[in-house]
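Notes follow once the structure below has been shown.
Any read-out appearing in this document is the output of simple, stated calculations on the displayed coordinates, not a laboratory observation. Just so we're clear, the structure is a prediction, and the values are computed from it rather than from any experiment. Quick reminder, even Gly has a Cβ in these numbers, built from the backbone with ideal geometry, and neighbours come from all protein chains shown.
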C-alpha cells in the first residue's frame, strides 16, 4: 500500500523541493510566448525546462521574464550536447544564467533518434554531481543504466517512453515498471508522450511524474492539451494508488449468478 | 580575430566581457545571460574585469524555448 494517494496531500519531492504538480513542462515548440504562458498556467506545472542558446539581438520578448511571471522554477537542459564535455560546460553556463544548480542532463548519441549516449551521460553526470549540481538525467528505458545514474547520486531519473518528439508513447512499459523497481529516486517519464493516455499510463506504471513538451506545445490547441495532460497525470496517479485489477484472459462476471431467475423451456419456443 | 557567437567580430583584445555584452545590446545586469570565453565560464562577478585575448572565442548565451 506504499502508493496510497491522498489527492490533497500528495506532493512530489525532488532533491528536497516539494511540488504539488507531477507534470513537468518543456517550453520548446510553442508558437508564441503568450501561448506558452497560458499553457503553463493550464498545466499547473511548477518546473519547466529551458535551453541555452546564443543571444539573438533581434529576438523579441524575454523568455526568462515570462517564466518569472509564471512563478515556475527553471530546469535548464543541455539539449543539443553530444559530449560530456559540452554538457558540463552548458550546465555550468546555465547555473550562471539562471542561478540554479538544477540541470536536466541530456547527452545525445544519435542525430536521427536523439537517443542518449550512455557512457557520455554517466561521465557528465559524475562530473556535475562532483560540482554540486542537482542532476536529472534524460536516459534510455534501460533499468540498469537508470540504477547506475541513481547510484551516482542523481536526484531523479528521466527515462524516455520513445524518441523525443515522436509522440509514440511508451514503447516498453515493462522496462518503465522495472525502472520504478530499480531506483529509489523519483522516476520522471520523459520524451515520447503523444497524448493524455500516454501520461496516464506512465503514472499507472509507477512513475512519479511526467515531462511533456511537444505533446503540448505542438498540439493544435496547446492550452487544452495542457489541461488534458494535467488531468491525465492526476488520474494515472490516483489509479496507481487505487490498485488496478489483474488482467485475465477470461471474463469474471461482475454480477453474481445467485438469485438468477429460471424460465424453463418456454422462452426458447418464442424464437 | 575574435569570434563572437561563432562570427567574426570587431571586438578587440583587451575589451572586457561587459563591453562585449554592450555591443550585443545587453545590460551587465541582464537576467538569464551567461558568457564563456574559450570554453570556460566567465562568472557574472568577473564580467567587468575579465578581458578577452587575441583570437578568443566568446560565447554569449541566453534562455531559449526548449526541452
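A residue that is surrounded by 10 or more Cβ atoms within 10 Å (Cβ to Cβ), at negative phi and in a loop (DSSP other than H, G, I, E, B) occurs somewhere in segment A:220-240.
Taking the condition more than 19 Å from residue B:66 (Cβ to Cβ), in contact with a helix residue (DSSP H, G or I) (Cβ under 7 Å, 6 or more places away or on another chain) and surrounded by fewer than 20 Cβ atoms within 10 Å (Cβ to Cβ), does residue A:171 pass? So residue A:171 does not fit the description; no. Inclusion of residue A:94 among residues that are within 11 Å of chain B (Cβ to nearest Cβ) and in contact with a strand residue (DSSP E or B) (Cβ under 9 Å, 6 or more places away or on another chain) is warranted. Annotation note: of A:99, A:118, the sole residue that is more than 22 Å from residue A:30 (Cβ to Cβ) and either in contact with a helix residue (DSSP H, G or I) (Cβ under 6 Å, 6 or more places away or on another chain) or away from every other protein chain (no Cβ under 13 Å) (or both) is A:118. Being crowded, with 19+ Cβ neighbours inside 10 Å and either within 18 Å of the chain's Cα centre (by Cα) or in contact (Cβ under 8 Å) with a residue 60 or more places away in the chain (or both) is the filter here; which residues of segment A:109-141 pass it? Selection gives A:116, A:134, A:135, A:136, A:137, A:138, A:139, A:140, A:141. Highlighted here are the helices (runs of 4 or more DSSP H) found entirely within segment A:76-186 that include at least 3 residues which are within 24 Å of residue B:63 (Cβ to Cβ): A:84-98, A:118-130.
Under the condition of being in contact (Cβ under 8 Å) with a residue 12 or more places away in the chain and either buried (at least 18 other Cβ atoms within 10 Å of the Cβ) or facing chain B (nearest Cβ under 10 Å) (or both), the residues counted in segment A:45-69 number 12.
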